[in-house]
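Participant: Here it is: the structure, laid out below.
Derivation of every value follows stated rules applied to the coordinates shown; laboratory data play no part. Computed from a predicted model, the values in this text were never measured in an experiment. Note: ideal-geometry Cβ built from the backbone for every residue, glycine included; neighbour counts use all protein chains shown.
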2 protein chains.
Amino acid sequence: MKLKMVYSFLNADLNLIEETLEETVQGESPLLQQASLHLLQAGGKRIRPVFVLLSGKFGDYDIRVIKDVAVALELIHMASLVHDDVIDDADIRRGRPTIKNKWDNRFAMYSGDFIFAKSLELMSHIKNPLAHQILSKTIVELCIGEIEQIKDKYRFEQSLRDYLLRIKRKTALLIATSCQLGAIAAGVDEQVHRKLYRFGYYVGMSYQIIDDILDFTGTEEELGKPAGGDLLQGNITLPVLYAMEDERLRSEIVTVHEQMSQVEIARITDLVKQSGAIDKAFQISDRYLQKALTILEELPNNRSKKTLRDIARYIGKRKN
Amino acid sequence: MKLKMVYSFLNADLNLIEETLEETVQGESPLLQQASLHLLQAGGKRIRPVFVLLSGKFGDYDIRVIKDVAVALELIHMASLVHDDVIDDADIRRGRPTIKNKWDNRFAMYSGDFIFAKSLELMSHIKNPLAHQILSKTIVELCIGEIEQIKDKYRFEQSLRDYLLRIKRKTALLIATSCQLGAIAAGVDEQVHRKLYRFGYYVGMSYQIIDDILDFTGTEEELGKPAGGDLLQGNITLPVLYAMEDERLRSEIVTVHEQMSQVEIARITDLVKQSGAIDKAFQISDRYLQKALTILEELPNNRSKKTLRDIARYIGKRKN
């Protein structure tokens, strides 16, 4: 089953969000518009908008209000991808050339800025100051995370704690914020929107760990890029941290560098896969998932809650 | 007389803003903090905070509220400078090595993102949704301006209109917004904060034209960088546009390219200075300044109005 089937009852609203995403990047600059559309049309799971909408269903759901939050959160995610590509020297994202590759580095930077600015413009329609306070704090953390990620590259002696803090900033906080802002935009009680935030945080942690596992276990077709790419770029993820507990494997892994051949990196990727590291990483992901499901039980019963549960379970089994 | 003397009665509040600027960039990331402080300590005129404060004086001035707006606007300006440096391959800004030069391009990008995010965090203290709407629109325009600036580089056939639109986005809108948001944060009437916006816009246009003139007429000591730098980088400013009205001068100017020697660019800079282009540019700057002074007359009389008038007049005569 595809993830989209889980929330197919949102299709009409998700189509509206897709349209709004495209409309939003129609600027006065044809060059910018072209670049942004290029990224939009490359797709993506739109998982953040889905969380915004589902969380909004716990309150006074008005798609005209909540769609701005949903689109804004997706745009922030996209802007961070565009800037990430500048950092990672990534030439391929979701199977298509990146903006950076197609145009150039400096243009990519400003495209990211533009997409981000557009998200702020949408968010400015939301009157509740709490929404702005939460979002701005999250964005600050996101930026700190980006910098720390540069610092942590190829730093093989880093700890599990470094990794968890990094994925919190990189992924979990924005998903948590998506849940919370969707709820706030729908006037949900503080007690409930805080729980949705925690649900999003746990799901986000689990989601990113699975992402990091898939970078080892996925096929190029499933991932839209070659496997082992994270390690090649010096991103020390959970499977790598566990694999390095084996001294022999550690001595192989620390030899990884930017210019390593595809054959060499594939050999090391295989070694990591054959170790127990993947299983251990899955266990951590599952622990976060269980926490997400537990907090979900404390929320009022409705269709949305059931869907959030299905999504959380799906994430634990996903292949891309 | 120094510009600072004009608004010396704001000194206590400006010191507070300086402190808040430093406090704000104290993040969890030592690397980021170091980079941001580096930029902060390089100084700058803090002209945007000054406009925020002076505009706030038209209403219910509370430094505890208004300082967040003042600091936020200065941070946005700084973030754009940091990203500009990535674009311009600028190694020197205000006489000090740029962040990009000191660290690297990718780090500079994220430092800019971080500084910008911090400005949003401060702005989130401001409850009036109008402030957020105005600011976000300005930031979108700022980003479009940055992209257009790349496109317009070394494009010698551009029009006066292209230039004016570019400096509007690059400088005038943020100064206009500083005036307007300072007023809004102090609860000023719509009629007044709109006029302050227009005042800021005209002053900003004039300010940037003077800046572009000084790039030709200033000494390296006054500018903190060699003269003629804009032209060398392909930025076609107002003096250049006027100089190109002379066919012989035009044929010299269109030969300018990135790798041109300092001696060659100095020779062309001198040709521009000896033409009537500088005077013509001054006339346009002055026209904007007069519009600024005219709109100012429509505002209630107070000390702040007098100071805004003095600043506007100072700008027309400034040397750096």
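Participant: Name the long-range amide H neighbours of residue B:188: under 5 Å, sequence gap of 5 or more, or other chain; modelled H, no Pro or chain starts.
Facilitator: B:60
Participant: Would you compute, from DSSP H runs of 4+ residues alone, the mean residue ellipticity of chain A at 222 nm, taking -39500 (n - 2.57) per run and dividing by the full residue count, rounded to the nearest 500?
Facilitator: Mean residue ellipticity at 222 nm (helix-derived): -23000 deg cm²/dmol.
Participant: Here is a further query. Classify region B:114-243 as rounded, prolate or oblate from the Cα gyration tensor: take a ≥ b ≥ c as the square roots of its eigenvalues, call it rounded if a/c is under 1.5, otherwise prolate when a/b beats b/c and oblate if not.
Facilitator: It is prolate, given that a/c is not under 1.5 and a/b is the larger ratio.
Participant: Shifting gears a bit: Helix A:190-217: angle to the longest alpha-carbon principal axis of chain A, degrees 0 to 90, nearest 10?
Facilitator: 30 degrees
Participant: Hey, another quick one. Which of B:107, B:156 comes first, and how do the rest follow, when ranked by fewest Cβ neighbours within 10 Å?
Facilitator: In order of increasing Cβ crowding within 10 Å: B:156, B:107.
Participant: Exposure proxy check: A:118, B:151, B:57 ranked by fewest other beta carbons within 10 Å?
Facilitator: Lowest count first: B:151, B:57, A:118.
Participant: Explain nothing, just the number: relative contact order of region A:179-320, from Cα pairs under 8 Å at least 6 residues apart, as a whole percent.
Facilitator: Over region A:179-320, the number comes to 33 percent.
Participant: Of the cross-linked pairs A:151/B:137; A:127/B:195; B:4/B:127; A:2/A:153; B:168/B:273; A:118/B:57, which ones have a Cα-Cα span greater than 28 Å in the structure shown?
Facilitator: Distance filter (> 28 Å) returns A:151/B:137; B:4/B:127; A:2/A:153; A:118/B:57.
Participant: Right, another one. Per-residue Cβ counts within 10 Å, from other chains only, averaged over A:115-128: what number is that?
Facilitator: 5
Participant: Would you work out which of A:272, B:126, B:172 lies farthest towards the positive end of the dipole of the protein assembly as shown? Charges go on Cβ: Lys and Arg +1, Asp and Glu -1.
Facilitator: Farthest along the dipole direction, towards plus: B:126.
Participant: Treating the point 7 Å from Cα along Cα-beta-carbon as the label, what are the nm separations from residue A:310 to the other copies, to one decimal?
Facilitator: In ascending order, 6.9 nm.
Participant: Now, a different point. Any idea what angle helix B:105-123 forms with the longest principal axis of chain B, computed on alpha-carbon atoms, 0 to 90 degrees, nearest 10?
Facilitator: 30 degrees
Participant: For the rotation taking A to B, I'd like to know which residue in chain A has the C-beta closest to the axis, plus that distance in Å.
Facilitator: A:109, 3
Participant: I need to check one value: relative contact order of region A:94-239, counting alpha carbon pairs closer than 8 Å and at least 6 residues apart, in percent.
Facilitator: Details: 127 pairs, mean separation 36.0, N = 146.
Relative contact order here is 25 percent.
Participant: Same structure again: Against the longest alpha carbon principal axis of chain A, how many degrees, from 0 to 90 and to the nearest 10, is the axis of helix A:47-56 turned?
Facilitator: With both axes taken from Cα atoms, the answer is about 40 degrees.
Participant: Relative contact order, percent, of region A:180-242 when contacts are C-alpha pairs under 8 Å separated by at least 6 residues?
Facilitator: Working: 35 pairs, mean separation 13.5, N = 63.
Taking the mean separation of contacting Cα pairs over the length of region A:180-242, I get 21 percent.
Participant: Report, for residue B:194, each distance to the same residue's label point in the other copies, shortest first and in nm; define the point 7 Å along Cα→Cβ.
Facilitator: Label-point separations across copies, in nm and ascending: 4.3.
Participant: Can you sort B:310, A:189, A:230 from fewest to most other Cβ atoms within 10 Å of each residue's own Cβ?
Facilitator: By the 10 Å Cβ count, ascending, the order reads A:189, B:310, A:230.
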